[in-house]
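Heads up, the thing below is written out as structure tokens.
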Amino acid sequence: MLNKKQVQHCLEVMEEMFPEAQCELNHRNPFELVIAVLLSAQCTDNLVNKVTASLFAKYKTPEDYLAVSLTELEQDIKSIGLYRNKAKNIRKLCQMLIDDYGGEVPRTKTELMKLAGVGRKTANVVASVAFNEPAIAVDTHVERVAKRLGICRWKDSVLEVEETLMKKVPKEAWADTHHRMIFFGRYHCKARNPQCPECPLLDLCREGQKRMKKHETIEN
């Protein structure tokens, strides 16, 4: 596995590649961010942004989501995967915000994770992006990049990946690390076609070196 110095080098390269890396989910406040991240599970940010463009024009507050029927809300997000379950969670979440938090999104990860449909990853994203709390949210991109580069082990759980990154990355860099690793995984180290031949981290990447050798063997 990579040591702290090697991990720091990787992050510096990612910063050079993606200096503007940030949350790509469109939102204007913490409440919209919670809804957007909830909708993004197993779904691309681009599709979520298309849906929320009209969704956020129609629904401004938790009360707005509860003022319509479940069926109507389902129709508004129907193009998103798992829309029925997500619609139910949105309504439950909004009711909890009203009942337990005065209609405001809680600021701590512990309180955020109490909300319907909000897991550890969502809580980390909201705490980090909306409230500037140090957090590393491990989505599929972060997990893939961390394992391919050897920052953590292939068998590690999502929680273990998060804990390893928190140990190897300075706390003040957690939020930036999350965004840079996502961009690196989304636009460069892709799931199906990682750009290994032109990757500036190939010399450190065991997975990339294996892929290159396999490619050379096939060609020969």
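The values are calculated or read from the model by the stated rules, or taken from the named source; none is laboratory data. Quantities reported herein were computed from a predicted structural model and do not represent experimental measurements. Cβ sites come from the backbone with ideal geometry, for glycine too, and all protein chains shown count toward neighbours. Accessible surface is based on the protein model in full, side chains and every heavy atom, while ligands, DNA and RNA are left aside. Shrake-Rupley method; radii C 1.70, N 1.55, O 1.52, S 1.80 Å.
Here are the numbers for the structure shown:
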{"quantity": "Cut-off 9 Å between beta-carbons: net charge of the residues surrounding Phe56, Lys and Arg +1, Asp and Glu -1", "calculated": "+2"}
{"quantity": "Surface accessible to a 1.4 Å probe, per residue, for the residues of segment 93-220, Å²", "calculated": "52 Å²"}
{"quantity": "Lysines with Cα under 28 Å of Lys214, excluding same-chain neighbours fewer than 8 positions away", "calculated": "Lys147, Lys155, Lys190"}
{"quantity": "Accessible surface of segment 21-90, 1.4 Å probe, proportion on carbon and sulfur as whole %", "calculated": "49 percent"}
{"quantity": "Area accessible to solvent at Thr108, 1.4 Å probe radius, in Å²", "calculated": "70 Å²"}
{"quantity": "Relative contact order of the chain, pairs being alpha-carbon contacts under 8 Å that are 6 or more residues apart, as %", "calculated": "23 percent"}
{"quantity": "Candidates Arg120, Arg192, Arg107: whichever shows maximal mean-square fluctuation once the chain is modelled as a Gaussian network with Cα springs under 10 Å", "calculated": "Arg192"}
{"quantity": "Overall dimensions of segment 150-203 by Cα: Rg and Dmax, Å", "calculated": "12.3, 32"}
{"quantity": "Cleavage-rule hits, trypsin sites (Lys or Arg not before Pro), segment 156-190, DSSP coil, Cβ neighbours within 10 Å at most 16", "calculated": "Lys190"}
{"quantity": "Scaled radius of gyration (Cα, divided by 2.2 N^0.38 Å) that segment 30-131 gives", "calculated": "0.97"}
{"quantity": "Top of Gly81, Gly117, Gly102 by mean-square fluctuation, Gaussian network on the chain, Cα under 10 Å", "calculated": "Gly102"}
{"quantity": "Residues Ser157 and Asn49, FRET efficiency given R0 of 25 Å [Cβ-Cβ distance, rounded to 0.05]", "calculated": "0.25"}
{"quantity": "Lysine pairs with alpha-carbon atoms under 14 Å apart, segment 30-131, spacing 8 or more or separate chains", "calculated": "6"}
{"quantity": "Helix-only mean residue ellipticity at 222 nm for the chain, each DSSP H run of n ≥ 4 adding -39500 (n - 2.57), per residue, nearest 500", "calculated": "-18500 deg cm²/dmol"}
{"quantity": "Selection of GluC sites (Glu not before Pro), segment 148-220, meeting DSSP coil and at most 10 other Cβ within 10 Å", "calculated": "Glu198"}
